[in-house]
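Colleague: I'd like to ask some things about the structure below.
Every number in this text was worked out from the coordinates using simple rules, so none of it is lab data. This structure is a prediction, so every number in the text was calculated from the model and none was measured. Note that each Cβ is placed from the backbone with ideal geometry, even for glycine, and that neighbours are counted across all protein chains shown.
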Amino acid sequence: MTESRPVIDAQDIEFSYGSREVLKGLTLTVQPGEIFGMLGANGSGKTTLIRILVGMLKPDAGSIRVLGDPPSSRQARQVGYMPQLSALYEELSIRENLDFFGRMYSMSDKSERIAAVDDAIRLVGLWERRDDSILDLSGGMRQRVSLAISLVHSPALLLLDEPTVGLDPDLRATFWERFREMADSGTTMLLSSHTMDDAVHCDRLAFLRDGQMIAVGTPQELREATGDATASLEDAFIYFLRRAEG
């Protein structure tokens, strides 16, 4: 029995902003239907890697395949991207924003696009606010609109940069319930976070420090690697940080 091809296959990725090295030989693979989390402090390289995967940046070295091909704009129909900072048109309504981005995702059939837009708005619980301007929304609601945009075209892969930052616990739980439903239906997800609340929901985790992966495994595997299977993920993260520091 042959193994399925990874949805993301990044090997020895290097990237620098001028003289500042951001990614230093980073390697990772993400399998179909997996929720893969990258955990690390700000500046550890998480956002840069996601921007490379979505085709916004090109690595200085290494090889990368997303859905079997190098990252490019041609993959837009298959990839959903939720940036850390929302890219919403504030004067437009929720529905108008989703319709615009649906067209950007090459959803040319108007009736299908309208149905998909309405479904996405319902999924994030904003149906009653669908005609409200983005200017009239709270930060948490804007996060939900950004999520709806990333999934309106039913992508095979979701790239989520700090998707739950700033959300209250109830809304965070709602997001994760939806993420798990999507993964169970076959959607693959790579997300970045710096909170353990997100980490516990992932199928596998990578701990990042200064552009390098210092550990990878399931949450339980990372806990057990500390020598204490009852350790918290925060304890595991600290354990691997100290090992990396020598």
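Colleague: Grab every C-alpha pair in segment 156-246, bin the distances at 5 angstrom width from 0 up to the longest one, and report whole percents.
Modeller: Pair shares across the bins are 3, 13, 22, 23, 18, 13, 6, 1, 0.
Colleague: Can you say what percent of the DSSP beta bridges in segment 124-246, counting only those with both residues inside, are antiparallel? Round to 5.
Modeller: Rounded to the nearest five, the antiparallel share is 50 percent.
Colleague: Would you list, by chain and number, the lysines whose Cα falls below 28 Å from the Cα of Lys58, excluding same-chain residues fewer than 8 positions away?
Modeller: Lys24, Lys46
Colleague: Let me ask another. Could you list Met189, Met82, Met196 in order of exposure, starting from the residue whose Cβ has the fewest other Cβ atoms within 10 Å?
Modeller: Ordered from fewest to most neighbouring Cβ atoms within 10 Å, Met189, Met82, Met196 come out as Met196, Met82, Met189.
Colleague: Ok, one more. Looking only at Gly40, Gly18, Gly139, which one moves most when the chain is put into a Gaussian network model with springs between Cα atoms under 10 Å?
Modeller: Result: Gly18 has the largest fluctuation of those listed.
Colleague: Which whole number in µm²/s is D for segment 1-72 by Stokes-Einstein, with the Kirkwood Rh taken over Cα pairs at 4 °C and 1.567 mPa s?
Modeller: Calculated translational D: 101 µm²/s.
Colleague: Near Lys110, which aspartates and glutamates are there with a Cα under 17 Å away, not counting those fewer than 8 places off in the same chain?
Modeller: Partners within reach: Glu96, Asp99, Asp118, Asp119.
Colleague: Determine the sum of side-chain charges near Leu190: Lys and Arg each +1, Asp and Glu each -1, restricted to other residues whose C-beta is under 14 angstrom from that of Leu190.
Modeller: Numbers: positive: Lys46, Arg51, Arg65, Arg204; negative: Asp9, Glu34, Asp161, Glu162, Asp198, Asp203.
That sum, taken over residues with Cβ under 14 Å, equals -2.
Colleague: Which value in nm describes the separation of the simple spin-label points at Glu221 and Phe100, placed 7 Å from the Cα toward the beta carbon?
Modeller: 4.2
Colleague: Please rank Leu147, Leu126, fewest neighbouring Cβ atoms within 10 Å first, as an exposure proxy.
Modeller: Values: Leu147 23, Leu126 19.
Final ranking by Cβ density, sparse to dense: Leu126, Leu147.
Colleague: For segment 78-120 and segment 1-47, write down the distance between their C-alpha centroids in whole Å.
Modeller: If we compute the Cα centre of each part, the gap is 27 Å.
Colleague: Sticking with this one: Provide the FRET efficiency to the nearest 0.05 for the Trp127-Thr195 pair, computing r from the beta carbons and using R0 = 35 Å.
Modeller: 0.80
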